[in-house]
Amino acid sequence: MNINTSRMLPVQETSYLTAQNSVLYRTIMRILYNEKEMLNSQMSAEEICSRLRTCSGFENAEAEQVKSALAQLTEWENVIPMQDPRKVSTIEEYKNKQYRYSISERAVIIERMTIELENMTSESNTLSSSLLVRINDCLSQINSIISEKNMRTVNEWWKNFQADFRRLNQSYSDYLHTFYSVKGEKLMKSMDFIIYKDKFIQYLRDFIRVLQKYSEMISARIAGLSEENVNVLIGIITDSEMEIPRTGSSLPDREQIQLHIQEQWTAVRRWFVSENGKQSVCSMAMEYTNEIIRKILSDAVMLMQLQNTVISRKQDYRKYLSLFAECEDINEAHCLSAHVFGVMNEKHYRYNSDRTTDSIHSDITDIEPQVFEVKPRTRVYKPRVKTEGFSSKAFEKEAGRMLHIKRINEERAMIEKYIRNNEMNLEEISDQIVPEQVRKTVLKWLSSAGQNKKRSGITDFGRRFHIENTGRRIVLRCTDGELDMPGYIIRFEEENNG
């Protein structure tokens, strides 16, 4: 976005904020602003002086002092004097020029800014996800806006769209600034922050969830607009702005208004759409928010560790001493020491080797032990080369294949005991004691079918099935324990024997 340096001139309307007598100037300006908000746009010097005397510190304000301040504010174009002819009865009174004063439009904006600055400490920055919903709704109406003939409707749509976008951009930048500021750094490193950690993380994750959902929709809508439609839209919005009556000596410049609208639309596109190798602000917002969540978690862990280091272990040590004192011999003390403190002298070995089984249910005790040759660390060591032939493994492979087929057939025969009319109702077999292998197979089926929308799958022996949740809870009694689970029904398709 190009910056128009011709507009970067001193703003004299803000001079009263930092002038030497700024307290008096600001109080008078606030009186005029409040009266304008109450639809009383003009006040005389006497009325301003009377109202000023009710303010703290100006109980003895003089009329000449007020008139001098009003003259200075008039010079800075903060107030607009208008001659009051109603009280004029003679030529002398007319020459004295009794004025009534009103606040200028630019000064109204400055006063609103100062009020907002005064209230910044009492207001908290928020991430409103509803703004994304409204922006998406506005973009869905673009086609109807392009064909809209009522310029007032077009202007209201554009104003609402820009207001929501500005609020989203400001709230996002202000909220992230609170975390990257010095005050935010101190807050996250304080012990009181641990209490609010989970709320902050949940709040940020909810915002990211909504941002991911709607940012893709908004980006697709904006990127889907052709350049011709964008130019037509900007032209219609410019026409709606030109029809608004404006006060002032000069007519509005259409080219300047259209350029301003073009810059606003470009800012919206840059916020949601990544193009030309540049990352969108929306995607950067998600990265920054994820980084904040990681930082919150790491700071919380660090704080918990610091908190645990200052906890006294005196009672724990007393308990350990009493346990050691009750040991009958040194061997029992050794066992207690290994349990409390771990192994005193240990060596860790790590070796990458092939697994003998891919089953997730296998235990470490079920795996055959492996033997590794430890080679000496000397330069002169050379491994002994053995010249051997190779033997055929066909017999072992066939034996392993037959064993695998036998295990599948046994598992199938065990499962089919619980299938009636091509259906396995887990609620009906919950009163029986189910073998462990059946439980593992059923859970594997439910897991594979639950990962697709059709809720279907295929067994190891080639039968297709789909699952149905009855909505009731059951307790499946197995040989290795009881399993509380939903009452599923597994329905199998007819086997094709042809």
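The values are calculated or read from the model by the stated rules, or taken from the named source; none is laboratory data. Everything quoted here is computed from the prediction, not taken from an experiment. So basically every Cβ, Gly included, is an ideal-geometry build from the backbone, and we count neighbours across all protein chains shown.
Take the residues of the stretch 336-370 that are surrounded by 11 or more Cβ atoms within 10 Å (Cβ to Cβ) and of a type in the set (A, V, I, L, M, F, W, C): which is modelled with the highest pLDDT? Applying the filter and picking the extreme gives Leu336. Name the residue that is farthest from Tyr101 (Cα to Cα), counting only residues in the stretch 30-54 that are free of Cβ contacts under 8 Å to residues at least 24 places away in the same chain and among the polar types (S, T, N, Q). Out of the qualifying residues, it is Thr54. Residue-level analysis places Ala285 outside the set of residues that are within 29 Å of the chain's Cα centre (by Cα), assigned by TED's automatic domain parsing to the domain that holds Gln202 and modelled with pLDDT of 85 or more.
When the stretch 455-472 is filtered for residues that are surrounded by fewer than 11 Cβ atoms within 10 Å (Cβ to Cβ) and either in a strand (DSSP E or B) or in contact with a helix residue (DSSP H, G or I) (Cβ under 8 Å, 6 or more places away or on another chain) (or both), the ones remaining, listed by number, are Gly471, Arg472.
Mind checking whether some residue in the stretch 91-112 is at pLDDT below 85, among the small types (Gly, Ala, Ser) and not in a helix (DSSP H, G or I)?
Restricting attention to the stretch 91-112, the residues satisfying the condition of being at pLDDT below 85 are 91-100.
Next, from what is left, pick out any that are among the small types (Gly, Ala, Ser): none.
Scanning the stretch 91-112, I find no residue that is at pLDDT below 85, among the small types (Gly, Ala, Ser) and not in a helix (DSSP H, G or I), so the answer is no.
Arg439 passes every criterion in (1) exposed (fewer than 10 other Cβ atoms within 10 Å of the Cβ); (2) at pLDDT 85 or above apart from (1). Filtering the stretch 16-35 to residues that are more than 14 Å from Cys55 (Cβ to Cβ) and under 41 Å from the mean Cα position of the chain (by Cα) leaves Leu17, Thr18.
From the list Arg51, Arg30, the lone residue that is surrounded by 19 or more Cβ atoms within 10 Å (Cβ to Cβ) and not in a strand (DSSP E or B) is Arg51. Could you check, for the stretch 221-241, whether at least one of its residues is at pLDDT 80 or above, under 19 Å from Leu131 (Cα atoms), exposed (fewer than 15 other Cβ atoms within 10 Å of the Cβ) and more than 14 Å from the chain's Cα centre (by Cα)? So far as the stretch 221-241 goes, no, none of its residues is at pLDDT 80 or above, under 19 Å from Leu131 (Cα atoms), exposed (fewer than 15 other Cβ atoms within 10 Å of the Cβ) and more than 14 Å from the chain's Cα centre (by Cα).
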